[in-house]
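Colleague: Got a structure here, written out as structure tokens. Questions coming.
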Amino acid sequence: MNIRFYILRRIALVIPTLIGLSILTFSISRIVPGDPVGLAAGPRATEEIKEAFRREFGLDQPLPIQYLRYMAGLLSGDWGESLYTRRDVINDLRVFWPATLELTTAAVIIATLLGVPAGVISAMYRNRLPDHVARVLSLFFVSFPSFWLAMIFQTWFGRDLGMFPIGKRLPVLVPPPASTTGLFLIDSLIQLDFDTFLISLRHLFIPALVLSFGAFASITRITRASMVEALEKDFVRMERAIGIPYRIIIFKYVLRNALIATITVISLNFGWLMAGAILIETIFDWPGLGIYAVEASLSLDFQPIMGIAILYGVVFSVINILTDIVYGVLDPRIRYG
Amino acid sequence: MADLPAIEVEKPKSARSARWENIARGLYRFRSNKLSMLGLAMLIFIVLVAIFAPVIAPYPEDAAGKTRVTARLQPPSEDFAFGTDKIGRDIFSRVVMGTGLALQVGTVIILLATTIGVTIGAISGYAGGWLDDLLMRVTDIFLTVPALVLAIAISAALGKGIINTMIGISLVWWPGFARLTRSLVLSLREEPFVEAAYGIGAGHLRIIFRHILPNAVSPIIIKMTTDFGFAVLTAAALGFIGLGAQPPTPEWGAMINDGRRYFPDEWWIATFPGLAIWLMVFSWNLIGDGLRDVLDPRSRR
């Protein structure tokens, strides 16, 4: 099986899952015992006004028809509109998504930079002090409620120490860089605007650090476990026997083997952190999907919630496909298996 | 040929006693792991606090929303160890009274998720064929979206409140258990003792419940323990967002949300519930980590 076919097959497998997801989110939005129309139309709306609302949003049609319309909308880029703000969901997502993506990516990078070395050290000093310390620290930090830790860090680093801004992506007076990707760090680099780059990096750091703690433990654990397994392989013994320095064995041969499992866990963590970002964003006033999602869910505004769920599903699937491709490239046995 | 002396091999008297021996050995290994013993001690402490909450809390009626207008936003003092909130309720009493709730929330979520997940996973792995395909596709759908996002959507749809939160979280939590159980059943199904049971005419249910599942218990228990803390965290997150427990319920996440507006000047309102959540989650994580070593020797070498 060549690599192109492998990739195509992997993509084809995702489609039924995403259709299933759209059915799931649609069903969730229609089991609402609350009365979203009543909420949106206001407490004094007459039955006629509510009826008009229902007609406008197509809520008077039979469910299968409603679903087909919804599905057709999804495919044609019409993801419905918010009952409240009357804005198009897809436009809102376009505005808010890059902020969440930037935050999550930064957090995953930090978690990897902390977690992989911690796992490597744990494996090298297996069952000795550094191993125990890394293990306790990772469990210690992953146990904090992230939104709570975010408040504490915001106060320490932002207010008391004054080292970092307390929230938002940029100060009010700094105009955001011309949008190419919506990621401020990349956009400012494209514009060669290094001041804005540094300012937005400082804004990004603390939220991303707090978010990264959620992924630290699992990345450390899997790196350690697969390192330990790889260290016991025959080739390591052979390499040691012919006198290759231990450090070179670790970094050149063992780590490369062990990282395959780590990559899976990192990509899984990307999805989890993307969800965790919802909580962190509300604390740091980070204008991403989080605040949008929270407001929508509290006011039973279902089009945005469904939109977010679908977006997350698509992004997560894309990440999984990319992971599988990386896998297939790294390890031909999977591709041909 | 001379009579060979009979070789005495000490056989376990029954399958049950062999299992007990395993458990005893596991307990010994768990006990020798200081960190998990620390986690267990913390958990026992938490359970005791939950049981004796009405005795420990100086103002147990504050959990039900009794207000004390004269003592609003008091910093920690002799009267109010953790200070008071915006309507003068004693934070210490509310944290203590909320302990049982947090334990219940975690227990309900994990038991529900395990029940659903193990059933679906066992059917899927044992039946195979189209049923397996169908169930796994459904599981995949749930796994495409991060649990927290779906939990938010379902809890919002069901309506605010702690019960709906628990239902919502359970409904997104089972796929992990289903996947795990299925993979265990798939490998156990091929074991000779299952084939033997089948050969002597045991029924499917008997094979699943008497022969397959008992051998799949360890990994499932590990997952239940490690997941417990995260289930509590997720419930607290929904409480923090405002979807979970509603006032005046002393739910820790909702209490943090309450104290958010007063943070950091009146830091005590949000800080202590947060530490309580951390203690609970940390204890479960330590125990889960230790159990993983005991029950799955490969994970810790």
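Bear in mind these aren't lab numbers, they're just calculated from the coordinates by the rules spelled out. All figures in this text were calculated on a predicted structure; none of them were measured in a lab. Ideal geometry is used to build each Cβ from the backbone, glycine not excepted, and the neighbour counts take in all protein chains shown.
Colleague: Once each part is reduced to its C-alpha centroid, what is the distance from segment A:200-260 to segment A:138-176 in angstrom?
Modeller: About 28 Å separates the Cα centre of segment A:200-260 from the one of segment A:138-176.
Colleague: Can you check what the net charge comes to around B:R137, using other residues whose Cβ is under 13 Å from the Cβ of B:R137 (Lys, Arg +1; Asp, Glu -1)? Don't jump to the answer; show the numbers that get you there.
Modeller: On the way: positive: B:R179, B:R182; negative: B:D132, B:D133, B:D140.
Neighbourhood net charge equals -1.
Colleague: Return the sequence-ordered ³J(HN,Hα) values of segment A:214-230 in whole Hz as given by the Karplus equation 6.51 cos²θ - 1.76 cosθ + 1.60 applied to θ = phi - 60°, using x for Gly and Pro.
Modeller: Values, residue by residue: x, 9, 4, 5, 6, 5, 4, 5, 5, 4, 4, 4, 6, 5, 4, 4, 5 Hz.
Colleague: So which residue, out of B:V96, B:V194, B:V118, gets the largest mean-square fluctuation from a GNM of chain B using Cα contacts under 10 Å as springs?
Modeller: Of B:V96, B:V194, B:V118, the most mobile in the Gaussian network model is B:V194.
Colleague: Continuing with the same structure: Using only the alpha carbons of chain B, what is the convex hull's orientation-averaged projected area in square nanometres? Kindly include the intermediate steps, with their values, before the conclusion.
Modeller: Numbers: hull surface 88.8 nm².
Convex hull of Cα atoms, orientation-averaged projection: 22.2 nm².
Colleague: Considering every residue in B:232-240, what mean count of other chain Cβ atoms within 10 Å of its Cβ is obtained?
Modeller: Numbers: counts 2, 8, 2, 0, 4, 8, 2, 1, 8.
Mean shielding by partner chains, rounded to a whole number: 4.
Colleague: Another question, if that's okay. Quick check on chain B: helices-only [θ] at 222 nm, where DSSP H runs of length 4 and up contribute -39,500 (n - 2.57) each and the sum goes over total residues. Nearest 500, please. Walk me through the intermediate numbers first.
Modeller: Details: 11 runs with 206 residues, N = 301.
Roughly -23500 deg cm²/dmol at 222 nm, from the helical runs in chain B.
Colleague: Please compute the length gained on full extension between B:V47 and B:E61, using 0.36 nm multiplied by the number of residues separating them and subtracting their Cα-Cα distance.
Modeller: Values: separation 14, 0.36 × 14 = 5.04 nm, distance 2.01 nm.
Extending this stretch completely gives an extra 3.0 nm.
Colleague: A follow-up question, please. Local charge sum around B:Q74 (other residues, Cβ-Cβ under 14 Å, Lys/Arg +1, Asp/Glu -1)? It would help to have the intermediate numbers written out before the result.
Modeller: On the way: positive: B:R68, B:R72, B:K86, B:R89, B:R94; negative: B:D62, B:E78, B:D79, B:D85, B:D90, B:D265, B:E266.
Net charge around B:Q74: -2.
Colleague: Just checking the output field for B:287-294: average partner chain Cβ neighbours within 10 Å of each residue's Cβ? Mind dumping the intermediate values first?
Modeller: Details: counts 0, 1, 6, 0, 0, 1, 0, 0.
Per residue, the number of nearby Cβ atoms from other chains is 1 on average.
Colleague: Placing +1 at every Lys and Arg Cβ and -1 at every Asp and Glu Cβ, with all other atoms neutral, what dipole size does segment B:133-292 have around its Cα centre, in debye to the nearest 20? Please list the in-between numbers first.
Modeller: Working: 11 positive and 11 negative charges, 60 e Å.
Using only the charged Cβ atoms, the result is roughly 280 debye.
Colleague: Of A:K50/B:K160; A:K50/B:K66; B:K34/B:K86; B:K66/B:K223, which pairs sit farther than 30 Å apart, going by alpha carbon to alpha carbon?
Modeller: Numbers: A:K50/B:K160 23 Å; A:K50/B:K66 39 Å; B:K34/B:K86 41 Å; B:K66/B:K223 39 Å.
Violating the 30 Å Cα-Cα cut-off are A:K50/B:K66; B:K34/B:K86; B:K66/B:K223.
Colleague: If each residue's Cβ is checked for other Cβ atoms within 10 Å, how do A:I249, B:I212 rank with the fewest at the top? Show your work: numbers first, answer last.
Modeller: Numbers: A:I249 19, B:I212 23.
Placing the least packed residue first, the sequence is A:I249, B:I212.
Colleague: Mind putting a number on the dipole of the protein assembly as shown about its Cα centre? Charges go on the C-beta only, +1 for Lys and Arg and -1 for Asp and Glu, and I need it in Debye to the nearest 20.
Modeller: Working: 57 positive and 50 negative charges, 323 e Å.
With only Lys, Arg, Asp and Glu charged at Cβ, the dipole is about 1560 debye.
Colleague: What's the exposure ranking of B:F240, A:F270, going from fewest to most Cβ atoms within 10 Å? Don't jump to the answer; show the numbers that get you there.
Modeller: Details: B:F240 30, A:F270 23.
In increasing order of surrounding Cβ atoms, one gets A:F270, B:F240.
Colleague: Can I ask one more? In nm, give the distance between the simple-model label positions of A:D195 and A:I49, each being 7 Å from the Cα along the Cα-to-Cβ direction.
Modeller: 5.0 nm
Colleague: Which one of A:P98, A:I248, B:P76 is farthest out on the positive end of the charge dipole of the protein assembly as shown, using unit charges on Cβ (Lys, Arg +1; Asp, Glu -1) and the Cα centre as origin?
Modeller: A:I248
Colleague: Treating only the Cβ atoms of Lys and Arg (+1) and Asp and Glu (-1) as charged, compute the dipole magnitude of segment B:218-301 about its Cα centre; round to the nearest 20 debye.
Modeller: Numbers: 7 positive and 8 negative charges, 79 e Å.
Using Cβ point charges on Lys, Arg, Asp and Glu, segment B:218-301 gives about 380 debye.
Colleague: What residues have an amide H closer than 5 Å to that of B:G83, excluding those fewer than 5 places away on the same chain, when H is modeled at 1.01 Å from N in the peptide plane?
Modeller: Hits under the 5 Å cutoff: B:S77, B:I91, B:F92.
Colleague: Hey, another quick one. Would you work out if segment A:86-216 is rounded, prolate or oblate? Take a ≥ b ≥ c from the square roots of the eigenvalues of the alpha-carbon gyration tensor; rounded if a/c is under 1.5, else prolate when a/b is larger than b/c, oblate otherwise.
Modeller: Details: a/c = 2.03, a/b = 1.93, b/c = 1.05.
Since a/c reaches 1.5 and a/b is larger than b/c, the shape of segment A:86-216 is classed as prolate.
Colleague: Where does each of A:L330, B:L184 land when they are ranked from fewest to most other beta-carbon atoms within 10 angstrom?
Modeller: Ranking A:L330, B:L184 by Cβ neighbours within 10 Å, fewest first, gives A:L330, B:L184.
Colleague: If you don't mind, there's one more thing I want to ask. Could you check which residue among B:I56, B:I152, B:I169 shows the biggest mean-square fluctuation in a GNM of chain B with a 10 Å Cα cutoff?
Modeller: B:I56
Colleague: Based only on Cα atoms, what mean projected area does the convex hull of the protein assembly as shown have, in nm²?
Modeller: Working: hull surface 157.8 nm².
The number I arrive at for the protein assembly as shown is 39.5 nm².
Colleague: While we're here: I'd like the FRET efficiency for B:L275 and B:S77, computed as 1/(1 + (r/R0)^6) with the beta carbon distance as r and R0 of 30 Å, rounded to 0.05.
Modeller: On the way: r = 18 Å, r/R0 = 0.60.
Efficiency, from the Cβ-Cβ distance: 0.95.
Colleague: Tell me which DSSP H helices of chain B clear both cut-offs, 20 Å or more of axial length from alpha-carbon atoms and a mean Kyte-Doolittle hydropathy of at least 1.6.
Modeller: Numbers: long enough: B:15-31 (24 Å, -0.96); B:34-51 (25 Å, 2.56); B:91-127 (52 Å, 1.58); B:129-144 (22 Å, 0.68); B:162-189 (39 Å, 0.96); B:213-241 (40 Å, 1.36); B:268-295 (40 Å, 1.07).
Qualifying helices, which must be both long enough and hydrophobic enough, are B:34-51.
Colleague: Something else about it: Please compute the average number of Cβ atoms from other chains found within 10 Å of each residue's Cβ in peptide A:276-286.
Modeller: Per-residue shielding by partner chains comes out at 2.
Colleague: Identify, among B:F30, B:I46, B:V185, the residue whose Cα sits farthest towards the positive end of the charge dipole of chain B, taking +1 on the Cβ of Lys and Arg and -1 on the Cβ of Asp and Glu, with the dipole about the Cα centre.
Modeller: Among B:F30, B:I46, B:V185, the one farthest towards the positive end of the dipole of chain B is B:V185.
Colleague: For A:T85, what is the net charge nearby, where nearby means another residue's Cβ is under 11 Å from its Cβ and Lys, Arg count +1, Asp, Glu -1? Walk me through the numbers before you get to the answer.
Modeller: Details: positive: A:R86, A:R87; negative: A:E81, A:D88, A:D92, A:E295, A:D301.
Summing Lys and Arg as +1 and Asp and Glu as -1 gives -3.
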